[in-house]
Number of protein chains: 2
Amino acid sequence: MSIHLSQRAIDIPPSPIRKLLPFELEAKKRGTHVYKLNIGQPDIPTPEGFFRALHTDLPPVLGYGPSQGLPEFQRAVAQYYQSIGIPFEPGEIMATIGGSEALFFAFLAVANPGDEIIVFEPFYTNYIGFAIYAGVKLVPYTTRAENGFHLPAREELEKLVTPRTRAILVCSPNNPTGTVLTRAELEMVGQLALDRDLFVISDEVYREFAYGGEVPTSMMAIEQVRDRVILCDSISKRFSACGARIGNLATKNAQVWQSVLRFGQARLCPATAEQMGAISLYGLGQDYYEQVRQEYQARRDAIFEGLMAIPRVVCQKPHGAFYIMAQLPIDDGDRFAQWLLTDFSSGNETVMVAPGAGFYATPGAGLQEIRLAYVLESAKCRRAMELLREAVHVYPGSLLK
Amino acid sequence: MSIHLSQRAIDIPPSPIRKLLPFELEAKKRGTHVYKLNIGQPDIPTPEGFFRALHTDLPPVLGYGPSQGLPEFQRAVAQYYQSIGIPFEPGEIMATIGGSEALFFAFLAVANPGDEIIVFEPFYTNYIGFAIYAGVKLVPYTTRAENGFHLPAREELEKLVTPRTRAILVCSPNNPTGTVLTRAELEMVGQLALDRDLFVISDEVYREFAYGGEVPTSMMAIEQVRDRVILCDSISKRFSACGARIGNLATKNAQVWQSVLRFGQARLCPATAEQMGAISLYGLGQDYYEQVRQEYQARRDAIFEGLMAIPRVVCQKPHGAFYIMAQLPIDDGDRFAQWLLTDFSSGNETVMVAPGAGFYATPGAGLQEIRLAYVLESAKCRRAMELLREAVHVYPGSLLK
C-alpha cells in the first residue's frame, strides 16, 4: 500500500522507558526477580478517600462536566495553592487530563507550529511528544551531572533565544534529575522571560517531594513574572494516583486562561468521577505529605549511598522528586539497561533502569547516564544498588576494566 | 503587557453551544423553565454496571495503565465490533480519552501542520478544535437541508482534493444532521480515497442510534478501503456515559496503529477506573440498545412532527443519531437562539437550541439553521416544539411576517 503517514507520526519516538518491557517479561519468564527502578510509578497506596468519592458522589447520569473542571475541583485546588502561599483563585484553575494535558495546552497557547520553547535537558521525555502534537520545536540547554544539573548563567541561556522563542519551560523538583532549582535560578529565568518577552511554563508536579527540610520555590513566587507564568500540575505523584489522569493548569494571565478554556471546550471535560476523587485528596493536607516525604527521603538516601559505592559514578545528591540521574562507567546506557534484563542476574535477581539518552533532545547526549526512580522500599533500593554495582563491573561495555 | 498568545490561541473559537450558557442562567433566574435541546447530553441514566465496576474492581495503587488501554478493554471493544460484523482484533483497538482524543490522534497520524482534511459541513463543531490543536486545515463540502444533508456526487467532492489533502472525514449517523449515509455513499468516499491515496477517518459514535429498522453501514464494511480506515468511537452516547471520557480508535493499518500508540505513550494512559466501567458496559448487548433506540425514535418523531407544523421549515426526517438540523424562517440562528432565552417565553417556558452557523466552517453558511438534540422525553419534546412554533412567529427577525 502506497499511502503514507504524516511526518510527525514517523518522528514521534517510542517511550524510551516502555520499550524495555519485552525484555523485562523475558527476564520474569526465566524466573529472575526484577527490581523496577525504571518508571516513576509510586508504590504508595492511593489514599482511601479517592475510592470512597467514586463510591458515593456520582450522579445517576454521568454527563459532561464543565470544560474548566467541576467548581468544587477548582476551589479545592485554589485552596491548596493558597495554603502554600500561591495566591490562585478558583477561576484561575483549569482542570486537565493529567499534567500531560496541562503541558500540551500551555504549548498550544504560547506557540504556533514551528515556534520554539527552551527546555533544560535532561527533561521529562514526554515533553517531546507534546511538542510533536503541537508542532513546536524544543530547544535544549544541556545541564550536567557534575554540577547537579543546575541552570547555566543567564548569558549562556540567552544564546538560545531566537525571534521564534516563545517560552522557557522549567521543572523543579525535576524529573529526571531530582534537582530543586534555587530561587536565584528561577529569578534569572523570570528576568530573562521579562526582558525577552517570553512565557514561563512551570512543571511543578513534584512540589511536595523535597528533602532535608528544603521547600521548593514555585515559579509563582517570582512576583515580577506572575502574569506570564503557566503552572502545570497533577495529582499523579502528589497522591499516588497516576491512573486517575487528573491535573490542572493555573495562570493569572486571563488571556492565556481564556484560550486554554477554549482549547478545553474542544475535548469537552476531564472525567467527572476522577475529579470527585481528586477533590477528596486535596483535603489531606500537610500530615499526609510529611509522611510520604519521610519515606522517599529514606529511599533517596539508600539509592544515593549505593551509587556512591560504585567507582567513577558522577552524580550529586538530589534534593527532590523521586529520581536520580547518574553517569556510570559504561559505554552506552541503552545497551546496559537491556543487558541488565537479558544477560545479567545475581542470586536470580536483576534491576531495571531507564537509559539516560531518552531524556535528551541533543543526539548523543546522556549516553553514559541512567535514571533511577526510587519507587521501592528502602531495603529493596539498597539491594537494587548492590546489583547495579555488581553489574557495572561485569558488564561487557564496562569502563572499569 | 506586550506578550502575545499564539495565533491558534486567538483563532480557536468558543463553543457555539456553551456561549449561550449565561443567557440560560438569566432565564432560569427569571423563573422561566428552559427545555434544553441545545446539547447532546442524553438524559438516560448511565447503566448501573458502570458504577458497580468503579466500586469493586480498582487496585489499591491506582497506577498507570497501558497506553493502548487495559487488555480487558481492548478485548471487550473487539468483541463488540465482532458481534456487529466488524472484524477487529483486540490488538487493533487503542483506548482513547473519549472519541475526542481518537479524532485528534487520527488527525496527527495522517496530517502534518498545513495539510488538509475534507469534511462535510455542517459537522460536529469540535472537529475545528482538533484541527487547530494539530495545525490541520479542514476543507468543507457544504451539504444541504433540502436533500437531507446527503453527500454530493464524486465529481463534486473530488474538486476539493489538492496535493495537501490527506484524508476524508465522515460521520454516520451524523451529528448535527441525524443523516445516515448509504452504503453507496460510503463506497463513493472509499473509492475516491483509494484513487487519490487518502485515509478515511470515520466517526461512528452514534452507530446504535438509527430508526425504523435501519442498520447504519460502517466504513469498515467497505472492504477495499479497510486498511486505510481509522475508526473513531466512544461510549459517551452509546451508554449515556459522556462524563467518563472513554473512547477508542480502531484500525487495521498497523503503521497507523503503531504511530497512534506512540502518540498515546506521550499522555501515558486513559483513566483506569473509567475503562473498568466501560468494560462492564460493553457486556450489555442488543437488548439495551434496542430499548434506548425505541425511546429515541419516539422522540425523533415528536420533534419532527412539531417542526413540520412550522411554516417554511426546511428539513428531512433524519434516520439516526439524536439530532435534527432544520432551516427556519428566521434571519439569524445565533440571534434567534439568544432571543429565545432573553426575550421569549410562553406560559413561563422557553426552549434552548444550538445555532446552526457554529457547525459550518464556511463563513455565512447555516445562518438560518438550528440544531435540536432530542435528549428529553417525548412529551417534553412536543411541548418544546410548540414553543418553537410560537417563537418563530413572534421573533422580531421572523421571515413569516
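The residues on offer are B:Arg226, B:Arg238, and the sole one that is among the charged types (D, E, K, R) and within 30 Å of A:Leu54 (Cα to Cα) is B:Arg238.
Hey, could you check the range B:257-290 for residues that are outside any helix (DSSP H, G or I), facing chain A (nearest Cβ under 7 Å) and aliphatic (A, V, I, L, M) and say which is surrounded by the most Cβ atoms within 10 Å (Cβ to Cβ)? Residue satisfying both the conditions and the ranking: B:Ala271.
Looking across the range A:1-25 at every residue that is within 7 Å of another protein chain (Cβ to nearest Cβ) and among the charged types (D, E, K, R), the one that is farthest from B:Ser259 (Cα to Cα) is identified as A:Arg18. When restricted to residues that are farther than 13 Å from A:Thr125 by Cα and small (Gly, Ala, Ser), the range A:355-365 contains 2. Answer yes or no as to whether A:Ala95 is part of a helix (DSSP H, G or I) and either touching a residue at least 40 places away in the same chain (Cβ under 8 Å) or away from every other protein chain (no Cβ under 14 Å) (or both). In short, no. Out of all the residues in the range B:115-133, is one or more more than 19 Å from the chain's Cα centre (by Cα) and either under 28 Å from A:Ala273 (Cβ atoms) or touching a residue at least 60 places away in the same chain (Cβ under 8 Å) (or both)? Among the residues of the range B:115-133, not one is more than 19 Å from the chain's Cα centre (by Cα) and either under 28 Å from A:Ala273 (Cβ atoms) or touching a residue at least 60 places away in the same chain (Cβ under 8 Å) (or both), which makes the answer no. Return the residue satisfying two criteria in turn: it lies in the range B:171-202 and is within 18 Å of the chain's Cα centre (by Cα) and within 14 Å of another protein chain (Cβ to nearest Cβ), and of such residues it is nearest to B:Pro318 (Cα to Cα). Per the stated criteria, the residue is B:Asn175. Just need a number here: residues in the range A:236-256 that are more than 10 Å from every other protein chain (Cβ to nearest Cβ) and β-branched (Val, Ile, Thr). Summing the residues that are more than 10 Å from every other protein chain (Cβ to nearest Cβ) and β-branched (Val, Ile, Thr) in the range A:236-256 gives 1. For B:Pro87, state whether it is more than 26 Å from B:Leu138 (Cβ to Cβ), facing another protein chain (nearest Cβ under 9 Å) and either among the hydroxyl-bearing types (Ser, Thr, Tyr) or out of contact with any helix residue (DSSP H, G or I) (no Cβ under 6 Å at 6 or more places or on another chain) (or both). No; evaluated as a whole, the condition is false for this residue. If I filter the range B:146-163 for residues that are touching a strand residue (DSSP E or B) at 6+ places or on another chain (Cβ under 9 Å), of a type outside the set (S, T, N, Q) and within 20 Å of B:Pro355 (Cα to Cα), do I get at least one hit? Within the range B:146-163, one or more residues are touching a strand residue (DSSP E or B) at 6+ places or on another chain (Cβ under 9 Å), of a type outside the set (S, T, N, Q) and within 20 Å of B:Pro355 (Cα to Cα).
Checked against (1) at the interface with chain B (Cβ under 10 Å from one of its Cβ atoms); (2) part of a helix (DSSP H, G or I); (3) under 19 Å from A:Met276 (Cα atoms); (4) touching a helix residue (DSSP H, G or I) at 6+ places or on another chain (Cβ under 8 Å), A:Glu101 passes all but a single condition, namely (4). The residues in the range A:245-280 that are in contact with a helix residue (DSSP H, G or I) (Cβ under 6 Å, 6 or more places away or on another chain), of a type outside the set (A, V, I, L, M, F, W, C) and closer than 21 Å to A:Glu204 by Cα can be counted, and the count is 10.
Every condition in (1) touching a residue at least 60 places away in the same chain (Cβ under 8 Å); (2) facing chain A (nearest Cβ under 10 Å); (3) surrounded by fewer than 19 Cβ atoms within 10 Å (Cβ to Cβ); (4) not hydroxyl-bearing (Ser, Thr, Tyr) holds for B:Gly31 except the one numbered (2). Tell me whether the range A:164-172 contains one or more residues that are under 27 Å from B:Cys269 (Cα atoms), in a loop (DSSP other than H, G, I, E, B) and touching a Pro at 6+ places or on another chain (Cβ under 8 Å). Within the range A:164-172, one or more residues are under 27 Å from B:Cys269 (Cα atoms), in a loop (DSSP other than H, G, I, E, B) and touching a Pro at 6+ places or on another chain (Cβ under 8 Å).
Would you confirm whether or not the range B:41-53 contains a residue that is without any contact (Cβ under 8 Å) to a residue 24 or more places away in the chain and either within 8 Å of chain A (Cβ to nearest Cβ) or surrounded by 16 or more Cβ atoms within 10 Å (Cβ to Cβ) (or both)? No, the range B:41-53 has no match at all.
More than 13 Å from every other protein chain (Cβ to nearest Cβ), under 30 Å from B:Leu5 (Cα atoms) and in contact (Cβ under 8 Å) with a residue 24 or more places away in the chain, is that true of A:Ala309? No: the conditions fail for A:Ala309. Determine which single condition A:Glu155 fails, assuming it passes every other condition in (1) among the charged types (D, E, K, R); (2) farther than 25 Å from B:Ser6 by Cα; (3) in contact (Cβ under 8 Å) with a residue 12 or more places away in the chain. Checking A:Glu155 against (1) among the charged types (D, E, K, R); (2) farther than 25 Å from B:Ser6 by Cα; (3) in contact (Cβ under 8 Å) with a residue 12 or more places away in the chain, the one that fails is (3).
Only one entry of B:Arg226, B:Arg293 meets the criterion of being outside the structural domain of B:Arg166 (by TED's automatic domain parsing) and in a helix (DSSP H, G or I), and that entry is B:Arg293.
In this entry, A:Arg75 is excluded by the filter for residues that are under 15 Å from A:Ala273 (Cα atoms), of a type in the set (Lys, Arg) and outside the structural domain of A:Phe304 (by TED's automatic domain parsing).
Looking only at the range A:227-281, count every residue that is more than 23 Å from the chain's Cα centre (by Cα) and of a type in the set (Val, Ile, Thr) and tell me the total. So the count comes out to 1.
For the range B:54-83, the candidate set comprises residues that are assigned to a helix (DSSP H, G or I) and surrounded by fewer than 20 Cβ atoms within 10 Å (Cβ to Cβ); within that set, the residue that is nearest to the other protein chains (Cβ to nearest Cβ) is B:His55.
The values are calculated or read from the model by the stated rules, or taken from the named source; none is laboratory data. Keep in mind that this is a model prediction, so the values were computed, not measured. Note: ideal-geometry Cβ built from the backbone for every residue, glycine included; neighbour counts use all protein chains shown.
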